[in-house]
1. What distance in nm lies between label points placed 7 Å from Cα along the C-beta direction at E113 and E125?
2. In region 18-38, whose amide N lies under 13 Å from the spot 7 Å out along Cα-to-Cβ of Q59? List them in ranges.
3. What FRET efficiency comes out for the pair D41/E81, r = Cβ-Cβ distance, R0 = 30 Å, nearest 0.05?
4. With θ set to phi - 60°, apply the Karplus curve 6.51 cos²θ - 1.76 cosθ + 1.60 along region 67-79 and write out the HN-Hα couplings as whole Hz, x wherever there is a Gly or Pro.
5. Whole number please: convex hull volume per residue, Cα atoms of region 6-127, in Å³.
6. Cα centroid distance between region 93-113 and region 1-57, in Å?
7. Using the Cα centre of the chain as origin and beta-carbon charges of +1 (Lys, Arg) and -1 (Asp, Glu), tell me which of F106, G71, S90 is placed farthest towards the positive end of the dipole.
8. May I ask what percent, to the nearest 5, of DSSP beta bridges between residues of region 6-127 are antiparallel?
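What follows draws every value from the coordinates through simple rules; no lab data is involved. Quantities reported herein were computed from a predicted structural model and do not represent experimental measurements. Virtual Cβ from ideal backbone geometry, glycine too; neighbours counted across all protein chains shown.
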Amino acid sequence: MARTFKLFLLEEKFCISKLPQFAEIPSVISKGDLCFISRTDEELSIISPEFMAPNNVQQATGYRCFRIANGTSLDDKGVIETLARPATESGIGIVPVSTFATTYVFFLEEDIEKITLAMQHAGHEFISEE
């Protein structure tokens, strides 16, 4: 039997921003809500609620997010694959982000109905409150 998760859909709309590699992290990001920051040898990427997104940088807007409500651990295997497969099979692109405690999956808001149905068809359950 395939592994299933309880998923919680976040209400915010998110933005994925690309900044120059050595750009400073905007202060609103370091003090704000749910944000993900990654710096590579090519860029600084920030995922944040749209209202907190930096100005005048390359951006992709209109993302929504669900997270695994009951959490995951760093030792869990196949978490991303378990969530990516139904999305991919439905033609939906995702941006997964794992933390120490759980996994978040970002997708375009226009795909919300398709991804919800795909996840439910795969046995995942959306919950409204944690």
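1. In this crude label model, E113 to E125 measures out at 2.5 nm.
2. It comes to 18-19, 29, nothing else.
3. 0.65
4. With the stated coefficients, region 67-79 comes to 10, 6, 5, 8, x, 9, 10, 5, 7, 4, 10, x, 4 Hz.
5. Dividing the Cα hull volume of region 6-127 by its residue count gives 118 Å³.
6. Between the Cα centre of region 93-113 and that of region 1-57, the gap is 11 Å.
7. G71
8. DSSP beta bridges in region 6-127 are roughly 90 percent antiparallel.
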